[in-house]
Amino acid sequence: MHELDQQVKAALAHQGKILLRLDVDHAYRNYTSKQRTKMRVIYQVAAAAVIVMIFGATLFVGNNTARTPERLFASYYEIPSAKVERGNSVNHLVYQNALIAYNRQDYASAIPLLQQCIKDASMKQQDGAWYYLGHAYMAQKQLTLAVDALKKVHPNSLLYPDARWDMALAALANHQKAQSTDILKSIAADDTHHKQRTAQDLLKQLGK
Amino acid sequence: MKVIYIEKSDTEIAEEIRQGGAAREAAVRYLIEKNIGFVYKMHRKLRIEESQAKDAYLDAVIAVMQQIENGVYRGENKISSYLYQIFYFKSVDIIRKKATNSEDYVESMPERADSGNDISLDLEQKESVRQIAQILEKIGQPCKQILMDWGFWGYSIQEIAQRLKIDDPLKVSRRKYRCLEELKERLKGIKIL
């Protein structure tokens, strides 16, 4: 009989185990479901963080690259090449040499030659000299001098519209935003100016 | 419906398990629920099947319950750590069994004592337990519940009466006696005795 009692107890333990196994299954189901929910939340938060980071990075890049005065200057500015005309006068030769050096991008040599031409009142191409001197300064990142040089181009000169546009860009790159905006607005309002649309576009990018 | 578990200290759990009955049942269920994360962890850590991990976990819970009852567990470690240790070794056993199931070719058989009788005895006992379990299923309620509550969970007769909503505990006592008699009769019928 004692053996039977043991066997009954063992059988009851077996039954108990079956019942507890149902509890284990139930608890495990709840646990894995919670884990899945937790992981889903983690993935969602991670995905949201990635999206925010991408968005933030885009905004950052947008704000700090494309719309900076330097980037705008770089995207709009094109250095013009000079047309060298052959002549016989000494002044003309200096001017020719200056433009040759300028076209070779040898701005260090071009600048004193252009200054020499400007000092000589008899030199006819004063506007051209100021204009290319301005661009040579711009190439040398001497933006204040560039603006000053471009200002000297006479309004009657054929180079004047270009000089104004380039002056606006030089002022912009030199963080003289108000001055640049004023010039750009006048270009944007000028129906005869070949850079009218470009000026309007640039003003939009500047939020003006 | 969300079940809210009140945190229990190790002393409370041990006390409730020793107390038996409803307290033991609640403590064991609490233990299972509280540490179920071990199954998930072990399943991933040792790469054992989920069902095997669950079986090993349940065996570990029962072992902890028995060791608390017998006084083997003296509260030197946290119950959860104790449970984890047992569960870990049981899981490792599963892996070992799996590994030893692979065939090994040997030139000579190792010398071993003849354990033929023990094996047949063990098988006989297992068969008896299986048959009793079958009879318990056939007897049905409330016999099964009375015997389980009394024999497995250790409920008192008064507690069983309360659970079955029977006013007189004597009726439960008599019912339990009849259930055991019926169990023995049925066992005689299949010539176990």
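On C-alpha positions alone, give me the angle between the axis of helix A:177-188 and the longest principal axis of chain A, in degrees, nearest 10.
Helix A:177-188 sits roughly 70 degrees off the main axis of chain A.
Just tell me which lysines come within less than 18 Å, Cα to Cα, of residue A:141; anything on the same chain fewer than 8 places away is out.
The reachable lysines, counting only those whose Cα sits under 18 Å from residue A:141, are A:151, A:177.
Over what distance in Å are the Cα centres of segment A:159-179 and segment A:99-142 separated?
For segment A:159-179 versus segment A:99-142, the Cα centre distance is 18 Å.
Per DSSP H run of n ≥ 4, the term is -39500 (n - 2.57); total these for chain A, divide by its residue number, and report the mean residue ellipticity at 222 nm rounded to 500 deg cm²/dmol. Working shown, then result.
On the way: 9 runs with 154 residues, N = 208.
That calculation yields -25000 deg cm²/dmol at 222 nm.
May I ask you to list the lysines whose Cα is less than 24 Å away from that of residue B:98, ignoring any residue fewer than eight positions away on the same chain?
The qualifying lysines are A:17, B:41, B:45, B:54, B:90, B:126.
Within segment B:36-69, list the GluC sites (Glu not before Pro) lying in a DSSP loop whose Cβ has at most 16 other Cβ atoms in a 10 Å radius.
Within segment B:36-69, the qualifying GluC sites (Glu not before Pro) (loop, at most 16 other Cβ atoms within 10 Å) are B:49.
On average, how much accessible surface per residue is there in the protein assembly as shown, in Å², for a 1.4 Å probe, leaving out ligands, DNA and RNA?
63 Å²
Nearest 100 Å², what total accessible surface is buried between chain A and chain B (probe 1.4 Å)?
Working: alone 13860 and 14020 Å², together 25070 Å².
That pair hides around 2800 Å² of surface in total.
Tell me the angle of helix A:107-119 to the major Cα principal axis of chain A, expressed in degrees between 0 and 90 and rounded to the nearest ten.
The angle comes out near 40 degrees.
How many times 2.2 N^0.38 Å is the alpha carbon radius of gyration of the protein assembly as shown? Provide the component values of the computation, followed by the final result.
On the way: Rg = 47.4 Å, N = 401, 2.2 N^0.38 = 21.5 Å.
Rg over 2.2 N^0.38 Å, computed on Cα atoms: 2.21.
On C-alpha positions alone, give me the angle between the axis of helix A:196-205 and the longest principal axis of chain A, in degrees, nearest 10.
Rounded to the nearest ten degrees, it is 40.
Hey, any idea what % of the protein assembly as shown's accessible area is carbon plus sulfur with a 1.4 Å probe?
That share works out to 53 percent.
Which value in Å is the Kirkwood Rh of segment A:1-66 over different Cα pairs?
It works out to 16.8 Å.
From the backbone phi of segment A:37-49, what are the Karplus-calculated ³J(HN,Hα) couplings (6.51 cos²θ - 1.76 cosθ + 1.60, θ = phi - 60°) in whole Hz, Gly and Pro given as x?
Using θ = phi - 60°, the values come out as 4, 4, 5, 4, 4, 4, 4, 5, 5, 5, 4, 4, 5 Hz.
Run through segment A:111-205 and list the trypsin sites (Lys or Arg not before Pro) located in a DSSP loop whose Cβ has at most 11 other Cβ atoms within 10 Å.
Passing both the DSSP loop test and the Cβ count: A:141.
If we sort B:161-167, B:70-76 on the protection proxy, mean other Cβ atoms within 10 Å, highest first, what's the order?
Top to bottom by mean Cβ count within 10 Å: B:161-167, B:70-76.
In the calculated pair distance distribution of chain A, what percentage of Cα-Cα distances lie above 24 Å?
I get 61 percent for the Cα pairs in chain A exceeding 24 Å.
The values are calculated or read from the model by the stated rules, or taken from the named source; none is laboratory data. A quick note: this is a predicted structure, and the numbers were derived from the prediction, not measured. Reconstructed Cβ throughout: ideal geometry from the backbone, glycine too, with neighbour counts over all protein chains shown. What goes into the accessible areas is simple: the full protein's heavy atoms, side chains included, and nothing from ligands, DNA or RNA. Shrake-Rupley method; radii C 1.70, N 1.55, O 1.52, S 1.80 Å.
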